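Here is the structure we will look at.
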Ligand code: UDP
């Protein structure tokens with residue numbers, strides 16, 4: 001019997017971080033448009049409140065969660081392991097209650113790959129489950145490679161500079177130093193976490209926010225590794241026809257400022273929702289941007305300068321210079337900004353949502369990644385798709401100035417823009433009728449309905 005007749009409720013379990021919640025909610029919206037009703041499970045520290053008022057989804061809160069900011073010293077890997085340990089029992093209780101109240105109408109649980117406690121609960125409750133990855137296919141393939149490594153040996157091997165540059169078997173062109181291991185905490189604990197992430201338990205498929213035209217060979221490799229269907233649906237912000245409500249209030253005044261700039265002259269700078277920088281680095285950025293003589297729109301998120309609320313650590317003359325030559329906001333309507341004709345380039349920390357949004361608007365990038373998977377993403381932008389340049393090492397004003405000129409003014413940047421525009425067309429086509437993401441969505445709906 002078709003499940004569609006009775007079971008149309010999908011329970012989503014997002015990881016409570018902005019870059020994960022947004023694509024999960026976009027997935028919810030896409031499935032909602034296909035006739036499923038959506039219930040979202042949130043941990044107490046969750047940040048979905050902006051969605052609660054506008055999405056038409058139902059929400060429940062899992063009791064006894066840890067708060068991300070409860071212990072400032074908690075490294076990401078420890079936070080994630082703890083988050084999973086403390087939520088499984090509460091989640092199971094909540095789902096049991098839902099089953100009692102809703103007359104057994106749950107079609108499946110779709111959980112962020114980092115929220116693997118939901119997979120364990122689904123297995124125990126004998127409910128269908130699917131895994132959602134908000135990262136790239138190559139990131140997931142790397143997770144499989146890392147999960148098979150001996151942590152102690154890997155730790156010793158990584159001290160050896162020769163191994164760092166050695167290509168990882170079957171992962172050309174990636175070398176060991178490209179594996180997304182930096183910035184999360186102790187390697188042994190990270191491998192422990194990754195083993196949980198790649199454990200598919202009883203999940204019947206993987207949904208991934210990527211596009212076949214960007215990651216064809218990695219998707220093939222992932223499919224071989226994972227042996228359950230993989231549905232690449234990205235970019236979800238296009239299929240959902242909206243980015244959805246935002247985490248912080250968007251400062252729309254920057255659009256008026258952009259309206260006054262010359263076509264493709266502006267460099268847009270945003271380092272996502274998590275990155276923190278030292279004042280020294282921010283100062284080098286400020287000097288470099290100002291001496292490039294290109295207009296710039298700079299998102300400086302509150303709390304993104306370590307130890308300060310906002311920009312009060314910057315000297316007054318620097319703040320004056322920056323506001324004369326550019327425009328600073330606390331949070332921007334990023335998709336609208338990237339689609340604005342005045343924007344010629346995007347200085348990004350290489351979070352995957354930002355990259356998809358940039359490619360979808362044909363905007364080339366300056367890549368300044370901070371941790372593991374961002375470095376991997378940067379490698380693909382620069383060497384794989386040739387739509388960006390790398391800003392490596394310590395931030396230095398001269399390097400910043402050169403990078404901006406290379407991207408916005410030089411022939412080199414024009415070539416990257418042309419390639420980015422080519423990718424834009426392919427990516428957009430993939431979400432239209434007959435395109436790869438469009439078809440993958442249809443297949444997913446069939447999968448969920450039978
Ligand atoms: N974003 C935004 N306004 C800003 C900066 C970022 O709306 O001023 C959004 C951006 O569109 C993207 C998300 O925040 O969807 C950042 O996600 P990403 O994966 O790039 O990085 P993360 O925040 O997870 O590090």
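The values are calculated or read from the model by the stated rules, or taken from the named source; none is laboratory data. Given the structure is predicted, the values throughout are model-derived calculations rather than measurements. We place every Cβ from the backbone using ideal geometry, glycine too, and count neighbours over all the protein chains shown.
Can you tell me which of 387, 409, 395 is surrounded by 22 or more Cβ atoms within 10 Å (Cβ to Cβ) and either away from the ligand (no atom under 12 Å from the Cβ) or assigned by TED's automatic domain parsing to the domain that holds residue 292 (or both)?
Just one listed residue meets the conditions, 387.
When you check residue 273 against the structure, is it part of a loop (DSSP other than H, G, I, E, B) and within 16 Å of the ligand (Cβ to nearest atom), yes or no?
Details: part of a loop (DSSP other than H, G, I, E, B): yes; within 16 Å of the ligand (Cβ to nearest atom): yes.
So residue 273 fits the description; yes.
Which condition does residue 97 not pass, out of (1) surrounded by fewer than 17 Cβ atoms within 10 Å (Cβ to Cβ); (2) under 27 Å from residue 441 (Cβ atoms); (3) modelled with pLDDT of 90 or more, if it passes all the others?
All conditions pass for residue 97, except number (2).
Mind listing whichever residues of segment 310-349 are in contact (Cβ under 8 Å) with a residue 40 or more places away in the chain and assigned to a loop (DSSP other than H, G, I, E, B)?
330, 331, 332, 333, 340, 341, 342, 349 - these are the residues of segment 310-349 that are in contact (Cβ under 8 Å) with a residue 40 or more places away in the chain and assigned to a loop (DSSP other than H, G, I, E, B).
Give the residues of segment 136-179 that are in a helix (DSSP H, G or I), at pLDDT below 85 and closer than 19 Å to residue 192 by Cβ, sorted by residue number.
Hits for segment 136-179 are 151, 152, 153, 154, 155, 156, 157.
Just give me the residues in segment 169-188 being under 23 Å from residue 352 (Cβ atoms) and touching a helix residue (DSSP H, G or I) at 6+ places or on another chain (Cβ under 6 Å), in sequence order.
Scanning segment 169-188 gives 176, 177, 178, 179, 180, 181, 182, 183, 184, 185, 187.
Do we have any residue at all in segment 242-251 that's in contact (Cβ under 8 Å) with a residue 60 or more places away in the chain, more than 16 Å from the ligand (Cβ to nearest atom) and not in a helix (DSSP H, G or I)?
Checking segment 242-251: not a single residue is in contact (Cβ under 8 Å) with a residue 60 or more places away in the chain, more than 16 Å from the ligand (Cβ to nearest atom) and not in a helix (DSSP H, G or I).
Counting only residues that are surrounded by fewer than 23 Cβ atoms within 10 Å (Cβ to Cβ) and farther than 19 Å from residue 116 by Cβ, which one in segment 6-29 is nearest to the ligand (Cβ to nearest atom)?
Of everything passing the filter in segment 6-29, 18 is nearest to the ligand (Cβ to nearest atom).
Quick check, is residue 250 crowded, with 16+ Cβ neighbours inside 10 Å and in contact with a helix residue (DSSP H, G or I) (Cβ under 9 Å, 6 or more places away or on another chain)?
Yes.
Would you confirm whether or not segment 200-211 contains a residue that is more than 18 Å from residue 114 (Cβ to Cβ), modelled with pLDDT of 95 or more and buried (at least 18 other Cβ atoms within 10 Å of the Cβ)?
Yes, because at least one residue in segment 200-211 is more than 18 Å from residue 114 (Cβ to Cβ), modelled with pLDDT of 95 or more and buried (at least 18 other Cβ atoms within 10 Å of the Cβ).
When you go through 298, 257, 287 one by one, which is the residue that is modelled with pLDDT of 95 or more, part of a helix (DSSP H, G or I) and in contact with a strand residue (DSSP E or B) (Cβ under 6 Å, 6 or more places away or on another chain)?
257
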